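Just below is one structure, and these are the notes that go with it.
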Amino acid sequence: MAEKKTLSQVYEGKPVSEETARVTLRAPTQPRGQARVDAILDAAAGIIAEKGMARLTMHGIARQASTSIGSLYHFFPDQAGVLEALVARHNARIEQIKTELDAIPANIWRDLSVDEAIERLISPYLEYARQHPDFFPLMHGKRTPDEEAGFIEGVGRMLAARMPELSSSALERHAAMLHAMAAGTLHVAYILEPEQLAFYMREVPRALTAYLADIERETHG
């Protein structure tokens, strides 16, 4: 973790005014400040996507965001703070997607074809990852077991709507398997073939569709 810097370090040892010395690192309270924070996070995300995590620096973020280094440290104490804010932003969107999927009525899930059900289930996550190429470098290994369990519960609700005759334990196992197929495939792909990640993201729905079709055939006869 990067060392937290004081204001004197931020200004590279140059004298600062009494007013500047009183500045505290804080969350924005005005739209202008929020816009500046968003620009900082977008800049950091762009650097991660283009150059990788190892090339991320506070000065690089400031340049990319067209802001001063002092303004950057005004909102974020160090590079770790920027990364934490990016993770929080991604997690918030993932939770929003999950909430939207949880709101889909059971009869909708039941009436969809297998292809359509998997598309409805997984495409919002995949599309978000495609639109945010910093997602995998930044979020790899960051999701907690509780957060992953929430996703599995959502998959279980979809399965229960389509196969209400299955026991709760069977639903849990199948939901966990669908999650493992998607998350595990992308996890391994990111480690071994990150340049081919787009290919694996295209293939994941096909694998999930085949699995769901098979268990539905077994269940419905």
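List of remarks:
- Estimated FRET transfer efficiency when R0 is 25 angstrom, pair E195-S169 (beta carbons, to 0.05): 0.05
- Other residues whose C-beta falls under 12 angstrom from the C-beta of G60 contribute a net charge of +2, scoring Lys and Arg +1 and Asp and Glu -1.
- The R63 and R130 beta-carbon pair, evaluated with R₀ = 25 Å, returns a calculated FRET efficiency of approximately 0.40.
- Highest average packing first - 151-163, 102-114, 77-89, Cβ atoms within 10 Å: 151-163, 77-89, 102-114
- With R₀ fixed at 22 Å, the C-beta to C-beta distance from A180 to S113 puts the FRET efficiency at about 0.40.
- Here the gap between E147 and A92, fully extended at 0.36 nm per residue and compared with their Cα-Cα distance, gives a gain of 18.7 nm.
Every number in this text was worked out from the coordinates using simple rules, so none of it is lab data. Everything numeric here is computed off the predicted structure, so don't read it as measured data. Heads up, the Cβs are rebuilt from the backbone with ideal geometry, glycines too, and the neighbour counts pull from every protein chain shown.
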